[in-house]
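Down below is the structure, laid out as structure tokens.
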Amino acid sequence: MRTDSRSIQAGTAQIYSFRIEHKTEALQKPTDQKADTMDMENSLAGWFDNAGERYMREALREARKAADADEVPVGAVVVYENRIIARAHNQVEMLNDATAHAEMIALTQASAHLNNWRLTDATLVVTKEPCPMCCGAMVNARLGAVIYGVPDERYGAARSGLNILENSVLNHRVQVTAGILADECRELLQVFFAKKRNK
């Protein structure tokens, strides 16, 4: 039986549209304006103290949503000009999509919000060190900076197992800050996987 190539293309486009609709869903929902509009007194120094922690707490809120949905509890937000423009959590199980990590969804949302795939002036804040796939996407998106909570010694690609984001061989390097609220981010993961093991 022959398959019409146009039917395949149409079906692929429909699946992609469905995934993007779910990935960008958070942009259509009202967000916590108080949290989103918190200004940093100093755009550089702020990342390393109070502002960095405040944005990481927003990422932790997303991670808890993932845990509630029985997804690995990783959450992310993207900050641009001191405002959260994207927020996401893991949706691998819901979408049956191995690429639906919090970071990937947040990057998609941020690019849609800015109408620009280049995210040079944006910072992604995520609860766990990103994997090789997500780090590669950050490089391709020309992301300005990433802040993560707990390191992932086995699969992390920001500094632990690999260092894709600061690799001088690549055509773009992403500024990395690690360890923000690491204990809280670690505890969320440990509790989730302990429950899984005890089932």
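The values are calculated or read from the model by the stated rules, or taken from the named source; none is laboratory data. Just so we're clear, the structure is a prediction, and the values are computed from it rather than from any experiment. Neighbour counts are summed over all protein chains in view; Cβ atoms, including those assigned to glycine, are modelled from backbone coordinates with ideal geometry. For the accessible areas, the whole protein counts, side chains as well, though only heavy atoms, and no ligand, DNA or RNA atoms are used. Shrake-Rupley method; radii C 1.70, N 1.55, O 1.52, S 1.80 Å.
A few comments on the model shown:
- Pairwise Cα distances in segment 127-199 exceed 22 Å in 26 percent of cases.
- FRET efficiency, Asn50 to Val191 (Cβ-Cβ, R0 41 Å, nearest 0.05): 0.95
- Förster-model FRET efficiency, 22 Å R0, Arg173 and Ala98, C-beta, rounded to 0.05: 0.25
- Sequentially through segment 168-175, phi angles give Karplus couplings (6.51, -1.76, 1.60; θ = phi - 60°) of 5, 6, 7, 7, 8, 10, 10, 5 Hz, Gly and Pro residues having no value and appearing as x.
- Carbon/sulfur fraction of accessible area - segment 122-189, other protein chains in place, 1.4 Å, %: 49 percent
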